[in-house]
Structure formats: structure tokens, C-alpha cells
Amino acid sequence: MATDLITRAKAGDGQAFQALTEPHVRELQVHCYRMLGSFQDAEDAVQETLLAAWRGLDGFQERASLRTWLYRIATNRCLNARRSASRRVPKDWDMPNIAPPEPTRLGDVVWLQPYPDDLLEGVVDAPPGPESRYEQTEAISLAFVTALQALPPRQLAVLILRDVLGFHADEVAAMLDTSVDSVKSALKRARAGLRHRRPTGDREPAPPAGSPAEEAIVAKFVSAYESADLDALIALMTDDMFMSMPPIPFEYVGREVAAGFYDAIFASGRRSDLVPTRANGQPAFAVYLRGANGVSHGTGFFVLTLSGTRICAVTRFENTALPWFGLPRSLPSRTVPPADLRSAGWHGARR
């Protein structure tokens, strides 16, 4: 059947081409996201990949699988994007009437964006290749994707293809038009670079997604943040709490520093409603600033990283992420509990 579809697609049958490629689109988008760190850039890269595959289908000799061939095209499209000079530039602080504390440091991965869990269905649960070293859920986490962005482009591609997806070294060499020895050398350097960016420690693992333990932390975070209870919020955090807010480069490290940041937010009188969702396999929230007219306007997007029963990182993104999760730009200010938000006009994440 696949051979028949390939024959028809090579003859110009667009429906046959779609039938061939559709089963691979979601995993290709996750691959491009790992390569690029940006949801928008990943969507663009997948479209470029499909267009290049359609135009170059006559050159597909079936020496490798169609999936491998598509990964080759997608990887090289992403490498081109990584080498370009058009990466997102840092943005200035954008909360009026709030003076943030001095950041601990300035981050360099300002193009990072969240990835909707709805689009991970059928991807992170699929078994990787036999040589994979990472669980697929770990390899989509914000910490992992952020660390990947610091690697040189070729090392990044090799590590994802070998250690995340589990392709053999000779397959990766063919994808990148290089030698097996070159792949092995790049992988060794990439692993060392990743260890430097993600040092191992005694941090407890996050509770399972959807577990009572996770739900308890999420409920406490929502209650503390919506009521501007600084003490309750800081009590949820680990001592080495980390905060970032791409594309603003500010990063804050430590619970006391985080306390100063949130104190400035709460002291301004800003009060927000949080709508739960999930991103990168982690708890996430759309942030809606309460207005005087009874309407809350979407101002940002939080992703939590958990360690045991506490929060070890909060990443804040811009409100441009809301549509990717099927979330509205505004909604009535909270008069109902989160479980009743659907009846209040929120229809949930994109499917």
C-alpha cells in the first residue's frame, strides 16, 4: 500500500502525498521544536519540510524509510534556521508601573516558547529507537529544550537524532552527509555540553502528571498567586528556585530573589486569574489580569517545573502563546472556580 501511495504521489497525487506524510507530521513538529526551541519556528520548519518533500519526491529512492527521509529534510531545514541571523532578539521589561529587582543574570535563550501537550499525544508515548538515552517526556521538558539551545547546531542535531530519537550512527551520518566518525565525535562533545548545562544533583523528580501530588501543588500555587499571598507562594518554592521570562532576558535564582520579584508584582495592586492547561509535559497556566470592567485580559503564560512537592522553576511567556493552547485573549473576571470555566466561556485547549 505504501509503495502504491509513493507511486501515486510521484505522479502528482496530492492526496496520496498527504496520506504518506500525515502520520509523521506531529513527530516532525516535536523534532523541529527540540531543534529550534520555538513553537512558531517549528511550525514553519515543518511546512518547509513538507514542501521540500513534495517537490523532491522524485529523488526519494526508498533506500531508507520515508520517515527517515522526512527527518533528514526536517533536520537540515532546522540547521539552516539555527545558522541564520534572524533569531529572536531580547525584549525590554514590559510591565508598566512595576520596577523589577535586579536580575541575577541575563539569559541567552530568549526565543524559547512553550509547546502544547495536546500536540504531544501519540508522540511522547511512542517508543524511541533502540539507541535512545532519554525518555521522550524528559526530552520535551523546558529544562531539556533550553539546554539543547546552547549546543552548536551540528552537535544539537546529532544528539537529538542519536540520544533522543535513537537513530543509528550510520543513519545519522547519511542524514547529515557526513561520516560515522564525525557523528561519534559530535555526539561526544554534545553530551559533554549538555551535562554542563544540566548538572545532575539531588533534586527530587516531579510527581507524575495528573497525580494527586501534582494537583495539590498546582492548587496551592493558584490559590497563593490569585490571592497575592506572598508567604504562601514562596513557601512552595525550593531554595534554588529559578525564574525566567523569554523573550525578556531577566533570570532570577534563589527563593529570596523570587520573593523580591513577586513582592514587586503584588505590591503594584495587580491581581490575576489563572487558567490551567499543560505545556511541555508540565503544569501551565494562562494569566489573565483582572480589569475594572469585570473582564480579565490575557497578559502571560506560566509553566511550572516541579521537584517533589515543591516548585523549582517558573517560566513566564508572553500572551502570544494563548492561541496555541486554544485559550481566549480575555474572559470574565473569576467568579466561578476553575472547574466551571467551560460554562463561563472558556472552551479548553486546542485539539
Q: Could you tell me which numbered condition LEU66 fails, if it satisfies all but one of (1) more than 25 Å from the chain's Cα centre (by Cα); (2) free of Cβ contacts under 8 Å to residues at least 40 places away in the same chain?
A: (2)
(Q) Could you check the stretch 170-203 and list, in sequence order, the residues that are in contact (Cβ under 8 Å) with a residue 24 or more places away in the chain, of a type in the set (A, V, I, L, M) and surrounded by fewer than 21 Cβ atoms within 10 Å (Cβ to Cβ)? (A) ALA174, LEU176, LEU187, LEU194
Q: Might you check whether a residue that is of a type in the set (Phe, Trp, Tyr), within 25 Å of the chain's Cα centre (by Cα), assigned to a helix (DSSP H, G or I) and buried (at least 17 other Cβ atoms within 10 Å of the Cβ) occurs anywhere in the stretch 218-225?
A: yes
Q: Please determine, by comparing only the residues of the stretch 245-302 that are within 22 Å of THR320 (Cα to Cα) and among the polar types (S, T, N, Q), which one is surrounded by the fewest Cβ atoms within 10 Å (Cβ to Cβ).
A: THR299
Q. Residue check: is LEU120 under 16 Å from CYS32 (Cα atoms) and under 20 Å from the mean Cα position of the chain (by Cα)?
A. yes
**Q.** Residue that is surrounded by the most Cβ atoms within 10 Å (Cβ to Cβ) [pool: residues in the stretch 303-342 that are at pLDDT below 95 and of a type in the set (Lys, Arg)]
**A.** ARG334
Q: Sort through GLU131, GLU121 and tell me the only one that's surrounded by fewer than 20 Cβ atoms within 10 Å (Cβ to Cβ), more than 26 Å from GLU43 (Cβ to Cβ) and modelled with pLDDT under 95.
A: GLU131
**Q.** Number of the exception - ASN76 against (1) more than 17 Å from ALA174 (Cα to Cα); (2) in the same structural domain as ALA190 (by TED's automatic domain parsing); (3) surrounded by 15 or more Cβ atoms within 10 Å (Cβ to Cβ)
**A.** (1)
Q: Assess whether VAL257 counts as being among the β-branched types (Val, Ile, Thr) and either within 21 Å of GLU204 (Cα to Cα) or under 24 Å from the mean Cα position of the chain (by Cα) (or both).
A: no
(Q) Need pairs with beta-carbon distance below 8 Å; first residue among the acidic types (Asp, Glu) and within the stretch 120-147, second part of a loop (DSSP other than H, G, I, E, B); sequence gap 6+ or separate chains. (A) ASP125/GLN136; GLU131/GLY166; GLU131/PHE167; GLU131/HIS168
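Out of ALA321, ALA313, ALA292, I need the residue that is in a strand (DSSP E or B) and in the same structural domain as ALA258 (by TED's automatic domain parsing). Which one? Write out each step before concluding.
On the way: ALA321 fails: in a strand (DSSP E or B); ALA292 fails: in a strand (DSSP E or B).
Exactly one residue qualifies, and that residue is ALA313.
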Q: Would you point out the residue of the stretch 226-244, among those that are charged (D, E, K, R) and part of a helix (DSSP H, G or I), that is surrounded by the fewest Cβ atoms within 10 Å (Cβ to Cβ)?
A: ASP231
Q. Scanning for something among the basic types (Lys, Arg), within 18 Å of LEU156 (Cα to Cα) and in contact (Cβ under 8 Å) with a residue 60 or more places away in the chain, does the stretch 16-27 turn up at least one residue?
A. no
Q | Residue that is surrounded by the fewest Cβ atoms within 10 Å (Cβ to Cβ) [pool: residues in the stretch 1-32 that are farther than 20 Å from GLU121 by Cβ and of a type in the set (Asp, Glu)] | A | ASP4
Q: State whether the residues of the stretch 59-66 include one that is part of a helix (DSSP H, G or I) and within 25 Å of GLY129 (Cα to Cα).
A: yes
Q) What is the residue count in the stretch 86-113 for residues that are over 25 Å from GLU256 (Cα atoms) and exposed (fewer than 11 other Cβ atoms within 10 Å of the Cβ)? A) 2
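The values are calculated or read from the model by the stated rules, or taken from the named source; none is laboratory data. No experiment lies behind these values; they were computed from the predicted model shown. Cβ coordinates were reconstructed from backbone atoms using ideal geometry, including for glycine residues, and neighbour counts include every protein chain displayed.
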